[in-house]
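The values are calculated or read from the model by the stated rules, or taken from the named source; none is laboratory data. Treat the numbers as computed from the prediction; the structure is a model and nothing was measured. FYI the Cβ positions are ideal-geometry reconstructions off the backbone, even for glycines, and counts take in every protein chain you see. The accessibility values were calculated without ligands, DNA or RNA, using every heavy atom of the protein model including side chains. Shrake-Rupley method; radii C 1.70, N 1.55, O 1.52, S 1.80 Å.
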Amino acid sequence: MQRWRRDHPGELGFVPTMGYLHDGHLALVRRSRAENPLTVVSIFVNPAQFGPGEDFERYPRDEVRDLALLREAGVDAVYLPSAAEMYPPGYQTYVTVEHLTQRLEGAARPGHFRGVATVVLKLFNAVSPTRAYFGRKDAQQLRVIRRMVRDLDLPVEVVPCEIVREPDGLAMSSRNVYLSPEQRGAAPVVKRSLDAAAAAWAAGERDAETLRRIVRGVIAAEPLAALEYVSLADDETLEELEGRVERPALLSLVVRFGSTRLLDNLELA
Ligand code: AMP
């Protein structure tokens, strides 16, 4: 990859993914193509960001389809490192973003963001992008990467991209394939719960607990859905907010349908 990059100098946009591509990924690719003369996509299901008992082995993979989609999308190169070349025997260096990774997904998935930050830094070192494109779907991940880029003075511009949704509101995710037809039918409740809070926010509601309670109420009405957490946090530090919300905030939640965790969020400003 580094050799390819030396042969292809100039501005370059980079889209890191775990593959099993959907239109959310392809929106990042389109944005990169619009803003850069070169675009590279990586596909790597990163073992370091999965905990014991998580879905690393069964994470969906379809390299042939992914490569066809990326060729059609006009990307200049696809980087597909193996786990053995990313983490050879003796590997022992990891990146820890400290406070931002303590709550929300970091609390639910210990070690997850250490794996994410480490692999993204390694991918940046391989690709040397000018700009890197990340979805707002993974809101905490975006903030962790931004923090790492600032803290380690990485010469990369992080570009956040809007969440791409199915027509019924479900945020696109490679993991949606785990849902049974009944669960898939019920899954739009996640977005509906955010919409209910957004409507209250638009009508002037500013009490943090009231906004969280609105989300809980909508999820509770769907028997197939189990709320794992709902958070209304400071948009930058991700500290949980109490009382009146006076600053930009991130409303985020994880809802379980059986063993499948669906993550979604809404920025309130
Ligand atoms: P993943 O393959 O799930 O690791 O995602 C790769 C990138 O695509 C990350 O920056 C995600 O935030 C982004 N992404 C995933 N799903 C969506 C979506 N529905 N809308 C926008 N971006 C997304």
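TYR178 meets the conditions (1) within 15 Å of the ligand (Cβ to nearest atom); (2) under 21 Å from ARG136 (Cα atoms) in every case but one. The failed one is (2). Here ALA221, ALA200, ALA226 are screened, and the one residue that is open to solvent by 70 Å² or more (accessible area, probe 1.4 Å), among the aliphatic types (A, V, I, L, M) and either at pLDDT 95 or above or under 15 Å from ARG143 (Cβ atoms) (or both) is ALA221. The set of residues from segment 11-57 being within 16 Å of ALA126 (Cα to Cα), more than 13 Å from the ligand (Cβ to nearest atom), open to solvent by 20 Å² or more (accessible area, probe 1.4 Å) and in contact (Cβ under 8 Å) with a residue 40 or more places away in the chain comprises just one member, GLU11.
Against the conditions (1) within 14 Å of the ligand (Cβ to nearest atom); (2) aliphatic (A, V, I, L, M); (3) part of a helix (DSSP H, G or I); (4) in contact with a Pro (Cβ under 8 Å, 6 or more places away or on another chain), ALA126 satisfies every one except (1). So, ARG146, is that one surrounded by fewer than 19 Cβ atoms within 10 Å (Cβ to Cβ) and within 13 Å of the ligand (Cβ to nearest atom) or not? Taking the combined requirement at face value, the residue satisfies it.
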